[in-house]
Amino acid sequence: MAYQIDRNICTGCGACAGNCPVSAIEQKDDKYEINASVCISCGACESTCPVSAISQK
């Protein structure tokens with residue numbers, strides 16, 4: 001299952017994008033989104049997010 005970022009919680013810090021080994025996280029406006037078709041569900045982004053905005057679908 002791919003991960004997703006709750007845009008209501010995301011602060012746009014980019015910590016998640018820097019830790020994604022497959023570059024599945026992209027900046028959209030001032031927040032980030034995970035491309036589910038690229039995500040390998042490794043969880044690296046979830047453990048990096050300082051505001052717990054990332055979870056599995």
Theoretical ellipticity at 222 nm over the chain - DSSP helices of four or more residues, -39500 (n - 2.57) apiece, nearest 500: -3500 deg cm²/dmol
So, counting K/R as plus one and D/E as minus one, what does the shell of residues with Cβ under 15 Å around ILE5 add up to? -2
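Once you sort the root eigenvalues of the Cα gyration tensor of the chain as a ≥ b ≥ c, which label holds: rounded (a/c under 1.5), prolate (a/b larger than b/c) or oblate (the other case)? List each step's numbers first, then the result.
Numbers: a/c = 1.41, a/b = 1.31, b/c = 1.07.
Since a/c stays below 1.5, the shape of the chain is classed as rounded.
Here, each number is a calculation from the coordinates, and none is a lab measurement. Here the structure is a predicted model, which is why all the values come from computation and not from measurement. Here the Cβ is made from the backbone with ideal geometry for all residues, glycine too, and neighbour counts use every protein chain on show.
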